[in-house]
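A.B. asks: Here it is, the structure, as structure tokens.
The values are calculated or read from the model by the stated rules, or taken from the named source; none is laboratory data. None of the values given here were measured: they were computed from a predicted structure. Ideal geometry is used to build each Cβ from the backbone, glycine not excepted, and the neighbour counts take in all protein chains shown. We work out accessible area using only protein heavy atoms, side chains counted, and drop any ligands, DNA or RNA first. Shrake-Rupley method; radii C 1.70, N 1.55, O 1.52, S 1.80 Å.
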Amino acid sequence: MRAKLAVPMMLMALAACSSQDDAADAPPETDETAIPVEPDGGIGDGAEPLSDIREAAQVDGIPARFRGVWDYVDGSCDPASDLRVEISADRVIFYESVGEVEAVAAGPDGTEVDLAMEGEGQTWDSRFRLSLQGNPERLVMQNIEYPADPTNIRKRCAS
């Protein structure tokens, strides 16, 4: 009976030695197989960081056709007009607030502009859809949250 127990015990001992030998033959785990993280936010594959791609997409900002001074169709274009708006590539200046351009995207109904707004001690985000229509040229500046606002049509003011 001792002989019958000795054979399985020897097999188990061999199996244990064999798995230890396999572990010794395996390459040590190192950080060399990890994808390196580049200091500029890349992921080691040569791709640009997302922030760089987003910035590159808005280098030109708001398209030139929308830039300039605009006022409500019945407005005076005077700087004191409360519906006057000044649009540049990277900023939209309203009567009592300023919006810094965060993103610009061409949409099916015009160009959409995301603005980080600040005015009267408050901050908020707004999205506007800009389009031109008619002759004489009119700017439709539609706040996405308030699309039916009747003051969203403006005329171009002389610069």
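A.B. asks: Which one is farthest from the chain's Cα centre (by Cα) among residues in the range 114-123 that are in a strand (DSSP E or B) and not small (Gly, Ala, Ser)?
C.D. replies: Here is the first cut: in the range 114-123, the ones in a strand (DSSP E or B) are 114-119, 122-123.
Filter once more, so that each one left must be not small (Gly, Ala, Ser): 114-115, 117-118, 122-123.
Values: Asp114: 10, Leu115: 12, Met117: 16, Glu118: 19, Gln122: 22, Thr123: 19 Å.
Restricting to residues being in a strand (DSSP E or B) and not small (Gly, Ala, Ser), the top hit is Gln122.
A.B. asks: Sticking with this structure for a sec: Would you say Thr111 is hydroxyl-bearing (Ser, Thr, Tyr), touching a Phe, Trp or Tyr at 6+ places or on another chain (Cβ under 9 Å) and not in a strand (DSSP E or B)?
C.D. replies: Answer is no for this residue.
One line per residue, one yes/no per condition, for (1) open to solvent by 90 Å² or more (accessible area, probe 1.4 Å); (2) within 16 Å of Thr151 (Cα to Cα); (3) touching a His at 6+ places or on another chain (Cβ under 7 Å):
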| position | (1), (2), (3) |
| --- | --- |
| Asp60 | yes, no, no |
| Pro63 | no, no, no |
| Val69 | no, yes, no |
| Asp78 | no, no, no |
| Asp82 | yes, yes, no |
| Ala103 | no, no, no |
| Gly107 | no, no, no |
| Gln122 | yes, no, no |
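A.B. asks: What are the pairs, 6+ residues apart or on separate chains, where a residue within the range 137-149 that is closer than 13 Å to Gly110 by Cβ has its Cβ under 7 Å from a residue that is in a loop (DSSP other than H, G, I, E, B) and of a type outside the set (A, V, I, L, M)?
C.D. replies: Partner pairs satisfying both residue conditions: Asn143/Asp149.
A.B. asks: Here is a further query. Can you tell me which residue in the range 124-159 is most open to solvent (accessible area, probe 1.4 Å), limited to those that are among the aromatic types (Phe, Trp, Tyr) and assigned to a strand (DSSP E or B)?
C.D. replies: Trp124
A.B. asks: Return a yes/no flag: does the range 80-99 have any residue that is in contact with a Cys (Cβ under 6 Å, 6 or more places away or on another chain), in contact (Cβ under 8 Å) with a residue 24 or more places away in the chain, farther than 25 Å from Gly121 by Cβ and not in a strand (DSSP E or B).
C.D. replies: no
A.B. asks: Could I ask something else about it? Going by what's in this entry, would Ala64 be described as modelled with pLDDT under 95 and hydrophobic (A, V, I, L, M, F, W, C)?
C.D. replies: Yes.
A.B. asks: Which pairs have Cβ atoms under 6 Å, sit 6 or more apart or on different chains, and link a residue in the range 118-131 that is in contact (Cβ under 8 Å) with a residue 12 or more places away in the chain to one that is aromatic (Phe, Trp, Tyr) and surrounded by 10 or more Cβ atoms within 10 Å (Cβ to Cβ)?
C.D. replies: Final answer for the pair search is Leu130/Phe66.
A.B. asks: Counting only residues that are within 18 Å of Asp60 (Cα to Cα) and of a type outside the set (A, V, I, L, M), how many does the range 110-126 have?
C.D. replies: Within the range 110-126, the first condition is being within 18 Å of Asp60 (Cα to Cα), and the residues that meet it are 110-116.
Next, only the ones that are of a type outside the set (A, V, I, L, M) stay: 110-112, 114.
Of the residues in that region, 4 qualify.
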